[in-house]
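Throughout, read-outs are computed from the coordinates displayed, never taken from laboratory work. In this text, all values refer to a predicted model and were calculated from it rather than measured experimentally. Ideal geometry is used to build each Cβ from the backbone, glycine not excepted, and the neighbour counts take in all protein chains shown.
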Amino acid sequence: MMESDGTPIEENQTYNVVINDFLFGGGDGFAGFRDAIYKDAMQPDTETFVNYIKTLESMGKEISASVEGRKTYKSAEEIQNEAIAKIKEATSFEQVKEGDTYLVGKTLASAKINVSKISKQKAVNPIISASADENGSVQLDIQSLQFIEGNQLLVTVTDANGYTAEFSQTIVAATIATTDSSDSTDDSTSTTSSNDSTTATSTSTSKGNTNSEKNLPKTGETRNAALTLLGVLFLGAGGYLIYRKKAA
């Protein structure tokens, strides 16, 4: 709502309003002005309307009427559907796991919350009730419902006008905290592989040294062989000299 100059109407402010006596008296169930303070009265509204038409006729102005779109009629079903849509748009709940203590979520401010367990597509007792806070936050203790994995949880949210939307979810298994050992396993594997590589290299080198030692004579063995050869030469030469003397 706005004032005639377009200024928005503010909550908890006092305004002077011109209204017909029918609405001022609460006609058609309109109770908005029943607590208003009466200030003054003009002529009856019927006379005011008749005089307005007479004035236009005397001025030669055309009297016309048209639909201005200031009011829009909505059926009860349309109003309900819009209210439920608003609840659904504003509402979300965290996934509940087996063993969780609270149902946590957001919805309309001060909305009423009912939580129950579904059995054969029907809510069964006990039903836990609470209200969202002024910011729409919800934290509801659900321990007494003893949910386990596979149970169906039903939440009904009711707004200030009594319109209700339902939400359901299946309870999932509790999350088990585990330590990720893949990194350490990889490190261990890497270290083992490195050690294996080192061992293989060391073994290969050792074998290589063994083969070299077999192929190359030791220093002592070389000296003994030379002396033996020299001795054989001396003996051969001595035998040859003895043979020549005997032959002469």
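For the range 22-128, give the magnitude of the charge dipole about the Cα centre (Cβ charges: +1 Lys/Arg, -1 Asp/Glu; no others), in debye to the nearest 20.
Charge dipole of the range 22-128: 600 debye, to the nearest 20.
Take the alpha carbon atoms of the range 78-170, find their radius of gyration, then divide it by 2.2 N^0.38 Å using N residues; give the quotient.
Compactness ratio reported: 1.04.
If we sort 93-104, 38-49 on the protection proxy, mean other Cβ atoms within 10 Å, highest first, what's the order?
In descending order of packing, they fall as 93-104, 38-49.
Where does the range 1-59 land on Rg/Rh, using Cα atoms and the Kirkwood Rh?
1.05
Lys and Arg at +1, Asp and Glu at -1: add these up for the other residues within a Cβ distance under 14 Å of Met2 and post the number.
-3
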